[in-house]
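Trainee: Take a look at the following structure, please.
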Amino acid sequence: MNKLDGDEETFSVDLEPVGRRAAVTAGMTLLGAAQSAGVEIAAVCGGAGTCGKCRVQCIEGKLSEPTAVELRFFNERELAAGYRLACQAVPLGDVKINIPPGSLSTPQRLQIEGQETEIAPDPVIEILDVDLVPPTLHDLRSDTLRLTGALADQGVDRPFFGQPVLRSLSTVLRDQEWSLRLALRRLPTVCGQEPGAAHSEVQPLREVVGAIRRDQPVVGLAVDIGTTKMAGYLVDLVTGHTLAKAGLMNPQIAYGEDVVSRIAYANDHADGRRVLQERLIEGLNDLAGTLCAEAGIDREQIVDAVVVGNTVIHHLFTGLPVAQLGAAPYIASVSEALDIEAEYLGLRLAPGAKVYLPPNIAGYVGADHIAMLLATEAYKVTEPTIVLDIGTNTEISLALEGELLSCSCASGPAFEGAHIHAGMRAAPGAVEYVQIGTDGVYVQTIGNRPAVGICGSGILDIVAELRNAEVVGHTGRMDKNHPRVIPWDGGGAFVLVDKDGTHNGHDLLVTRRDVNEIQLAKGAIRAGVDVLLAEAGLTHDDLGAFIVAGAFGTYLDLKSATRIGMFPPIPLDRFKQVGNAAGSGARQMLISQAQRRLAESMVEKITYVELTVHPSFTDIYMDAMVL
């Protein structure tokens, strides 16, 4: 809480997952707060309270009592969970609000595209069409025995039926008039197999995981869960073609912008781990629903899934403890690959569907990095190659002749717009590119909307341009004599867009503290790269390629990144931006057993370097912060 001139109270409203904050005066509604920050919450009725579209959830802080209007839209359980109408609820102090995707009128730009590599489909799922003779008074075999007999005619012996499948099997058989399509999961061994028996001599068990109509495709779900965003893909398991893809903000953002904050939330709240898992599962179920609607299929057709994420996300998704990841030596609870029943996790897919999670590398380098290395084929490069995935936590590998050195650096949420004065995530109105010339400042916003704030690629571009124009020195200090630099918090601020060109009628500023946030973030990334090169006895001149993955990495300007020293000064033609490679790797593992085996074997070739105990890290990091 603060005071304006005249002792008027103001409260801070943290609007997640958009990443914007608004200062509101006493009595202003949450809708007014969002509008003042340029966040477009759906309000078809104009805030009259009649449409119910502006649903939000209060995560922290206190709001006014629910109005009679809200009591018509929410039951007691929803109100207890913090759900309110933004046009009715008034902050009574500083609050944090989560805005569900359906309440945002302008979707945020989410990176779901990635480098594609042709992989021959060889999924763990086998698909068989079967026709059964219906039961009669002279043929009283149970449904499972009848189906087992039909499968035996097609060479499948002793199929296994799990409890989730059994609950729906009888109904499905009759609904489909005894003619249906089965999805069977190949199991690796057969009970009672003779020791030393050749693999080719053994008929593997199959588990029936789903039963659908004969004319329906059998699909799998691949998901890359990032700290901030997640991307999902529906893939035809027969052809390997992607049928639908969509992105969503990670709903855990409301409980912490980075994984360290979420570990703290899980530790500090008795039900914290459960809450974080439930929010993530809810988000994935919503994402699966969106994908199914786009592809025109039912959830029961999703018979297999692959999910990748960093180690903390992996543990929160599976319900594993994360306390040990928050303190040295940062040990994962599980590093091996896992297969978990989707139903056990709460995912609404086919009754017997399982979720495959590739192995983790270390406490802060997870299966998403394995997926990225798989998609970029870094494991087989012949010249020194840096591969990195930029995010709130940046994972970096140095690949050389089949061996990999990997590390993790806490680049922080600045590249998502957090901790930046006018920062926001990549949504309409966010400044994404900037050019400062002798005749003025030129900005480009997402969607060519009036400027609302600055996203990650924009702030990186701005710092590079400020340095190039000598508005900012190599230490980050601003030239206070520059005509566009105004006094601000002791360090100055650069007027990027004056109030006539912004959505809210206020100057859009870049502060000295913003520059420092970028110095810290880019310094961490560059230090990680330089430490790995030093470990291998190489310099940046030895690099044959520099592969940049991740949503932020897709949109950043490589010239700006090298100009401020975030990336080493190598020729631009050695850089390659590959988009969401982790999502591409997850799709490969979804359709190919061989890619899963390759991912699991790759871990054995990775040497993890812990930056916090590396003898040269501090000196390298301090040098790397220089612009």
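The values are calculated or read from the model by the stated rules, or taken from the named source; none is laboratory data. As the structure is a computational prediction, the values presented were derived from the model and not from experiment. Cβ coordinates were reconstructed from backbone atoms using ideal geometry, including for glycine residues, and neighbour counts include every protein chain displayed.
Trainee: In segment 284-311, which residues are under 13 Å from Gly226 (Cα atoms) and touching a residue at least 60 places away in the same chain (Cβ under 8 Å)?
Mentor: The answer is Leu284, Val307, Val308, Gly309, Asn310.
Trainee: Right, something else. Restricting to segment 41-51, name every residue that is buried (at least 19 other Cβ atoms within 10 Å of the Cβ) and either part of a strand (DSSP E or B) or at pLDDT 80 or above (or both).
Mentor: Ile41, Gly49
Trainee: Still on this model: Identify, by number, the condition in (1) at pLDDT 85 or above; (2) farther than 14 Å from Ala305 by Cβ; (3) aliphatic (A, V, I, L, M) that Val223 doesn't meet.
Mentor: For Val223, the exception is condition (2).
Trainee: If you go through segment 210-254, how many residues are under 20 Å from Asp368 (Cα atoms), assigned to a strand (DSSP E or B) and not hydrophobic (A, V, I, L, M, F, W, C)?
Mentor: The total comes to 8.
Trainee: For segment 33-60, name all the residues that are of a type in the set (Gly, Ala, Ser), over 14 Å from Arg21 (Cα atoms) and under 27 Å from the mean Cα position of the chain (by Cα).
Mentor: The answer is Ala42, and nothing else.
Trainee: Another one. Is it the case that Glu401 is more than 19 Å from Gly585 (Cα to Cα), among the charged types (D, E, K, R) and not assigned by TED's automatic domain parsing to the domain that holds Tyr255?
Mentor: When the stated conditions are applied, Glu401 passes them.
Trainee: Since His540 meets every condition but one in (1) of a type outside the set (Asp, Glu); (2) under 30 Å from Phe617 (Cβ atoms); (3) surrounded by 19 or more Cβ atoms within 10 Å (Cβ to Cβ), which condition does it not meet?
Mentor: Failing condition for His540: (3).
Trainee: Condition (residue is modelled with pLDDT of 90 or more and assigned to a helix (DSSP H, G or I)) applied to segment 13-28: is it met by at least one residue?
Mentor: No, every residue in segment 13-28 fails to be modelled with pLDDT of 90 or more and assigned to a helix (DSSP H, G or I).
Trainee: Just the residues that are modelled with pLDDT of 85 or more and either more than 18 Å from His506 (Cα to Cα) or assigned by TED's automatic domain parsing to the domain that holds Asp557 (or both), please, taken from segment 433-458.
Mentor: Within segment 433-458, Val434, Gln435, Ile436, Gly440, Gly458 qualify.
Trainee: Could you list all residues from segment 558-579 that are crowded, with 16+ Cβ neighbours inside 10 Å, touching a Lys or Arg at 6+ places or on another chain (Cβ under 9 Å) and on the phi < 0 side of the Ramachandran plot?
Mentor: Of everything in segment 558-579, those that are crowded, with 16+ Cβ neighbours inside 10 Å, touching a Lys or Arg at 6+ places or on another chain (Cβ under 9 Å) and on the phi < 0 side of the Ramachandran plot turn out to be Ala561, Arg563, Ile564, Met566, Phe567, Pro568.
Trainee: Would you pick out the residues in segment 606-627 that are assigned to a loop (DSSP other than H, G, I, E, B) and in contact with a helix residue (DSSP H, G or I) (Cβ under 7 Å, 6 or more places away or on another chain)?
Mentor: Of everything in segment 606-627, those that are assigned to a loop (DSSP other than H, G, I, E, B) and in contact with a helix residue (DSSP H, G or I) (Cβ under 7 Å, 6 or more places away or on another chain) turn out to be Val609, His614, Ser616, Met625, Leu627.
Trainee: For segment 61-74, which positions are among the acidic types (Asp, Glu) and either within 21 Å of Ile420 (Cβ to Cβ) or within 33 Å of the chain's Cα centre (by Cα) (or both)?
Mentor: Within segment 61-74, Glu70 is the sole residue that qualifies.
Trainee: Do you know which residues across segment 22-39 are within 23 Å of Lys499 (Cβ to Cβ), surrounded by fewer than 20 Cβ atoms within 10 Å (Cβ to Cβ) and not hydroxyl-bearing (Ser, Thr, Tyr)?
Mentor: Scanning segment 22-39 gives Ala23, Met28, Gly32, Gln35.
Trainee: Also, I was wondering about something else. Looking at segment 404-427, is at least one residue assigned to a strand (DSSP E or B) and β-branched (Val, Ile, Thr)?
Mentor: no
Trainee: Return yes or no: is Asp304 surrounded by 20 or more Cβ atoms within 10 Å (Cβ to Cβ), of a type in the set (D, E, K, R), under 27 Å from Leu166 (Cβ atoms) and under 20 Å from the mean Cα position of the chain (by Cα)?
Mentor: Yes, satisfied.
Trainee: Next question. Give segment 486-508 a look and list any residue that's among the charged types (D, E, K, R) and farther than 23 Å from Gly429 by Cα, or say none.
Mentor: Correct list: Asp489 only.
Trainee: Could you check how many residues of segment 378-395 are closer than 17 Å to Thr607 by Cα and over 17 Å from the mean Cα position of the chain (by Cα)?
Mentor: Residues that pass the stated criteria total 8.
Trainee: If Pro358 meets every condition in (1) in contact (Cβ under 8 Å) with a residue 60 or more places away in the chain; (2) surrounded by fewer than 22 Cβ atoms within 10 Å (Cβ to Cβ) apart from one, which number is that one?
Mentor: (2)
Trainee: Those residues that are over 17 Å from Val275 (Cα atoms), out of contact with any Leu (no Cβ under 7 Å at 6 or more places or on another chain) and in a loop (DSSP other than H, G, I, E, B), I need them from segment 52-89; list them, please.
Mentor: Listed by number, the residues that qualify are Lys53, Gly61, Glu65, Thr67, Phe74, Asn75, Gln88.
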